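Shown next, in structure tokens, is the structure this report addresses.
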Amino acid sequence: MVNKCEQHRKLALAIRLIKRNLRTSIVAVHTNVSATQLRTLYHEIHGHASVSGMFPESDRLFTTHQRALEASIILTAYLNCAGADALRRIDIEALLRAHDFYMDVRRECTGLTQSAIDLTMAWILARDLRSCVVDLRTCPCGIRFAVHEQQRIQPHCPVCGLPPLSTGKAPTHSFPLPVPVPADLGTPTTDRFC
Ligand SMILES: [Zn+2]
């Protein structure tokens, strides 16, 4: 039997995720809160019903270099937060921190015409990273950037423009796994992402 503290913790997490507009079907996976209760919470928080239906595909982010760069920022930050766990499960707390970091970076940028990548799409990216649909390739300059297995644009480094060191379709990830950063180390910094 799940104790009351755990129930409260899961419900608090569900509210945090719904406030960030994460699809309720995904929230259910990470909290075990019932679909009915999540739909009610969503309506109370946002004043309208949650989005339902098929998830968008992550390859839509890999049609322009700017969007691919934004996906790279999210996934690099996520990998730094979650470490090797990122390849075994979706670490929702690490994903929240990575998305926060991405939103902070985006606020510093000017001239962006498209809306920000939302938390649902960030979750889809994390899922596709785990299943090797998306990989993080390493440029000779040391930058890591995301490559989708079905992207139509030529993959190249967003900093120096070189192609990645590994360009073939690899069945496993080509990036070195980082050491996860403990959650109690406080606020994200631009030095280590999290
Ligand atoms: Zn480079």
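All of the numbers you see were taken from the coordinates with simple rules; none came from a lab. Please read these numbers as outputs of a predicted model, since none were measured by experiment. Here Cβ is always computed from backbone atoms with ideal geometry, including for glycine, and neighbour counts include all displayed protein chains.
Let me check I've understood the local charge: for Leu22, count other residues with C-beta under 10 angstrom from its C-beta, Lys and Arg +1, Asp and Glu -1. What total comes out? Local charge sum for Leu22: +3.
Electrostatic bookkeeping for Ile45 treats Lys and Arg as +1 and Asp and Glu as -1; over the other residues with beta carbon under 14 Å from its beta carbon, the sum is +4.
Please say if region 1-100 is rounded, prolate or oblate, where rounded means a/c under 1.5 for a ≥ b ≥ c the square roots of the C-alpha gyration tensor eigenvalues, and otherwise the choice is prolate for a/b larger than b/c and oblate otherwise? Oblate.
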